[in-house]
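Undergrad: Sharing a structure, written as structure tokens. Questions coming.
The values are calculated or read from the model by the stated rules, or taken from the named source; none is laboratory data. If you're wondering where the values come from, they're calculated on a predicted model, not measured in any experiment. Glycine gets a Cβ as well: all are built from the backbone with ideal geometry, and neighbour counts include every protein chain shown.
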Amino acid sequence: MTEIAADGKRSNSESITACNERLEGYIRDLDLERMPAEELLRWASETFLDRVVLNTSLQYTGVAMVHMAVSAGLDLRFATIDTWRLHPETYAFIEQVKARYGCPIEVVEPKSGDVERMVERHGEYLFFDSREKQQHCCQVRKDWPNNTLLKTADCWISGQRWDQSQYRQETAQKASLVDEYGTRRRILKLNPLVDWSEEALMEFIAANEVPVHPLYDQGYPSFGCIICATPRRAGEDKRAGRWRWFNGETKDGDDPKECGLHYNI
């Protein structure tokens, strides 16, 4: 028989079924949706110990949560995905954040064999050819590494906010359960700042002198890979710079401005 610790934390022998039931109980019995961001981060840290990870691309929301966690003395893991195509400014900013907060940041990378096979079959710049090939590139460089990271976690902290896009306003939740890729195991996904406006977020960043990624000053409202993220033009949607060549393309209600981290592709 598998045993679950009295404090609710996962033991090495906890079965997938028991873990899933425990996470479902958190959703059912705790009012996670109403918890303030700092309180939710503390709860996650104390509940999951080393089985919780804050995965961030180091945009406003992610760095603000790093600041909250470090300022509160929380023992959270921080991670970022290196697709091998990030802007030079992003690599430098990772080091800046580590130095400012004195914290390690796990850098998760794709498997070289996966990237090599993709390029051999479809070419280096496959993402220009079709929406399907762009999605495949995201899977290989970002989604599969994220899946590997989440094998080490029962709780995934993300930086989605409702005001980032219409799609996220309709789908993102402060607390929800997501399925681990290829298994029956479920993971608790938290978006502690999902209900924050950009105005409130910027006030927090200014008041606490939170480091800001230099690409924002270059006109990028969001960023990822160096080719697939571009500055926004005046009057454009916040995510118009993502995969710009697909602007205006929407099929069957799909949102063409999400990669597979927060969107099933």
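Undergrad: Test of understanding: among Leu150, Leu126, which residue is without any contact (Cβ under 8 Å) to a residue 40 or more places away in the chain and buried (at least 17 other Cβ atoms within 10 Å of the Cβ)? Break it down into steps so the answer makes sense when it comes.
TA: On the way: Leu150 fails: without any contact (Cβ under 8 Å) to a residue 40 or more places away in the chain.
Among Leu150, Leu126, only Leu126 is without any contact (Cβ under 8 Å) to a residue 40 or more places away in the chain and buried (at least 17 other Cβ atoms within 10 Å of the Cβ).
Undergrad: Pairs, please: C-beta under 6 Å, at least 6 apart or cross-chain, first residue under 20 Å from Val108 (Cα atoms) and of a type in the set (Val, Ile, Thr) and in the range 35-60, second modelled with pLDDT under 95 and not in a helix (DSSP H, G or I)?
TA: Pairs that qualify, where the first residue is under 20 Å from Val108 (Cα atoms) and of a type in the set (Val, Ile, Thr) and the partner is modelled with pLDDT under 95 and not in a helix (DSSP H, G or I), are Thr56/Gly159.
Undergrad: Scan the range 38-85 residue by residue and report those that are at positive phi and of a type in the set (D, E, K, R).
TA: Matches in the range 38-85: none.
Undergrad: May I pose another question? Specify which of the listed residues (Gly113, Gly182) is outside any loop (DSSP other than H, G, I, E, B), surrounded by fewer than 14 Cβ atoms within 10 Å (Cβ to Cβ) and among the small types (Gly, Ala, Ser).
TA: Numbers: Gly182 fails: outside any loop (DSSP other than H, G, I, E, B).
Only one candidate qualifies: Gly113.
Undergrad: Out of Ser165, Ser197, report the one residue that is hydroxyl-bearing (Ser, Thr, Tyr) and modelled with pLDDT under 85.
TA: Ser165
Undergrad: Does the range 218-239 hold any residues that are among the β-branched types (Val, Ile, Thr) and farther than 17 Å from Ile81 by Cβ, and which are they?
TA: Across the range 218-239, the qualifying residue is only Thr230.
Undergrad: I need the full set of residues from the range 185-197 which are part of a loop (DSSP other than H, G, I, E, B) and either buried (at least 22 other Cβ atoms within 10 Å of the Cβ) or touching a residue at least 40 places away in the same chain (Cβ under 8 Å) (or both), in order please.
TA: Arg185, Asn191, Pro192, Leu193, Val194, Trp196
Undergrad: Considering only the range 218-231, I want to know if a residue exists there that is under 29 Å from Ala18 (Cα atoms), in contact (Cβ under 8 Å) with a residue 12 or more places away in the chain and not in a loop (DSSP other than H, G, I, E, B).
TA: Looking through the range 218-231, none of the residues is under 29 Å from Ala18 (Cα atoms), in contact (Cβ under 8 Å) with a residue 12 or more places away in the chain and not in a loop (DSSP other than H, G, I, E, B).
Undergrad: Could you please let me know if Leu58 is within 20 Å of Trp162 (Cα to Cα), in a helix (DSSP H, G or I) and hydrophobic (A, V, I, L, M, F, W, C)?
TA: no
Undergrad: Further, regarding this structure: Given the conditions (1) under 25 Å from Pro231 (Cβ atoms); (2) in a loop (DSSP other than H, G, I, E, B); (3) in contact with a strand residue (DSSP E or B) (Cβ under 7 Å, 6 or more places away or on another chain), and given that Ala153 satisfies all but one, which numbered condition is not satisfied?
TA: Here Ala153 meets the rest and fails (1).
Undergrad: With respect to Thr47, determine if the residue is buried (at least 18 other Cβ atoms within 10 Å of the Cβ), modelled with pLDDT of 95 or more and under 22 Å from Cys225 (Cα atoms). Give the steps one after another, and end with the answer.
TA: On the way: buried (at least 18 other Cβ atoms within 10 Å of the Cβ): yes; modelled with pLDDT of 95 or more: yes; under 22 Å from Cys225 (Cα atoms): no.
Judged against the criteria, Thr47 is not a match.
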